[in-house]
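First comes the structure, then the notes that go with it.
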Amino acid sequence: MELRRVEDEVKSHCKSWRDLCRPSGGACNGYSMPTLKELFSKLNDEDIFPPEPEEEPEDVEDDIQMKEDEKMVKEEKTDKEECLDSDKNSTENSISANSVPVSKPALSASESIAFSDSIFIGYIGPEGEEEGMTDHEMTPQQILERLENIKASLTALAPKINKFLKRLAEKDPITRKPRYGEKAMIRVKHAVRAYKALEIGISGTFQDHTKPESAEQSSLVSNLQKQIQMQEEQMNEQRQAKQTQEQIELERIANEKLLAEKRETEQRLLEDQRKREAELELSRRAEEARRRRIEEEQLALAAEREADANLLSLVPTKGPEGVREQIERMRQALKGDRAAFDVAP
């Protein structure tokens, strides 16, 4: 039903408002959220509701007028049933050509007050609730989102609230009584009051103060936006600082990598240098050994040639001259050994 849906939505926003009024809720830079009781105290029923229609005594209608009224009632049946069904104790009108409207007894003064109080508590919450703590501290972004959500919802509810206000001034075409029964009227008025109270609260939070004595102050939303901007700037600074630190770290790692690669390259060059020097040393030694070997071979070859020459020189010359050379060699070899010379062949 429309009334029930509007009540539930307005109560939900009242609950959100009460959460913002709690410590660690909507207080921001010294700007305290007005409680729902404070907002309700600013309302004036005469400025909100149209004058209540006075009940008229039932007149005997002729058949033509009755048929016209019945036709009007049938066209408005849907809206009327919503209002009547939402309040079981309200006046019930039996719309039929052969039926007579029947009214239920009105509430006593005490019953009306008790019923009104129970409906009112549904909007402002139980006593002492606003002094409690929220489950967690709300951030400026969360507070602003909640306020913007309430504001958007109030804008969407405006046509329905205006419809309720219009119907409060209307009379039933059959009974000539107010459209709403007693309980339904109490519920409608409390829903409208809560809506208007939230409107005042939202208007105060979104609009800057214009009074000279408070010119230096700004609305809660302005403070929240400033805080959000400051937080975003801080986050940007932190993000930039983090990025700078990460960049420095990356550069440090890159430099260390370059140094490591440079050391590795230098080490490799040194090893290559040592290998080349070792190879050169081996080559030098091999060359030296080869040179010595060649010299030794040359010496051996020279000695061999000399021996061959000596050997050839020992070969006697043929003929008498050769015999004389041999005798002379023997004489030279056997100097002082006359006996050996005498026995020589």
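The values are calculated or read from the model by the stated rules, or taken from the named source; none is laboratory data. Quick caveat: nothing in here was measured; it's all calculated off a predicted structure. For neighbour counting, all protein chains shown are included, and Cβ atoms are generated from backbone atoms with ideal geometry for every residue, glycine included. For the accessible areas, the whole protein counts, side chains as well, though only heavy atoms, and no ligand, DNA or RNA atoms are used. Shrake-Rupley method; radii C 1.70, N 1.55, O 1.52, S 1.80 Å.
State which residue pairs qualify: first residue open to solvent by less than 100 Å² (accessible area, probe 1.4 Å) and inside segment 295-324, second residue modelled with pLDDT under 80 and assigned to a helix (DSSP H, G or I) in any location, beta carbons under 8 Å apart, and separation of 6 or more residues or different chains.
Correct list of pairs: Pro316/Gly322; Pro316/Val323; Pro316/Glu325; Pro316/Gln326; Thr317/Glu325.
Looking at Gln238, is it open to solvent by 90 Å² or more (accessible area, probe 1.4 Å), modelled with pLDDT under 95 and within 30 Å of Gln141 (Cα to Cα)?
On the way: open to solvent by 90 Å² or more (accessible area, probe 1.4 Å): yes; modelled with pLDDT under 95: yes; within 30 Å of Gln141 (Cα to Cα): yes.
It is true that Gln238 is open to solvent by 90 Å² or more (accessible area, probe 1.4 Å), modelled with pLDDT under 95 and within 30 Å of Gln141 (Cα to Cα).
Within segment 175-184, is even one residue open to solvent by 30 Å² or more (accessible area, probe 1.4 Å), of a type in the set (Ser, Thr, Tyr) and more than 21 Å from Arg5 (Cβ to Cβ)?
No: segment 175-184 contains no residue that is open to solvent by 30 Å² or more (accessible area, probe 1.4 Å), of a type in the set (Ser, Thr, Tyr) and more than 21 Å from Arg5 (Cβ to Cβ).
Could you check, for segment 169-179, whether at least one of its residues is among the β-branched types (Val, Ile, Thr) and in a helix (DSSP H, G or I)?
If we filter segment 169-179 for residues that are among the β-branched types (Val, Ile, Thr), which is where we start, we get 174-175.
Subsequent filtering for residues that are in a helix (DSSP H, G or I) retains none.
No, because not a single residue in segment 169-179 is among the β-branched types (Val, Ile, Thr) and in a helix (DSSP H, G or I).
To keep it simple, each residue is scored yes or no on (1) within 30 Å of Lys11 (Cβ to Cβ); (2) touching a His at 6+ places or on another chain (Cβ under 6 Å); (3) of a type in the set (Ser, Thr, Tyr); (4) at pLDDT below 85.
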site: Lys163; (1), (2), (3), (4): yes, no, no, no
site: Arg167; (1), (2), (3), (4): yes, no, no, no
site: Ala184; (1), (2), (3), (4): yes, no, no, no
site: Val192; (1), (2), (3), (4): yes, no, no, no
site: Lys196; (1), (2), (3), (4): yes, no, no, no
site: Glu216; (1), (2), (3), (4): no, no, no, yes
site: Ser219; (1), (2), (3), (4): yes, no, yes, yes
site: Glu249; (1), (2), (3), (4): no, no, no, no
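Show the residue pairs that are 6+ apart or on different chains and have beta-carbon atoms under 8 Å apart, the first residue being within segment 148-161 and closer than 18 Å to Arg193 by Cβ and at pLDDT 90 or above, the second being assigned to a helix (DSSP H, G or I) and small (Gly, Ala, Ser).
Ile150/Ser16; Ile161/Ala191
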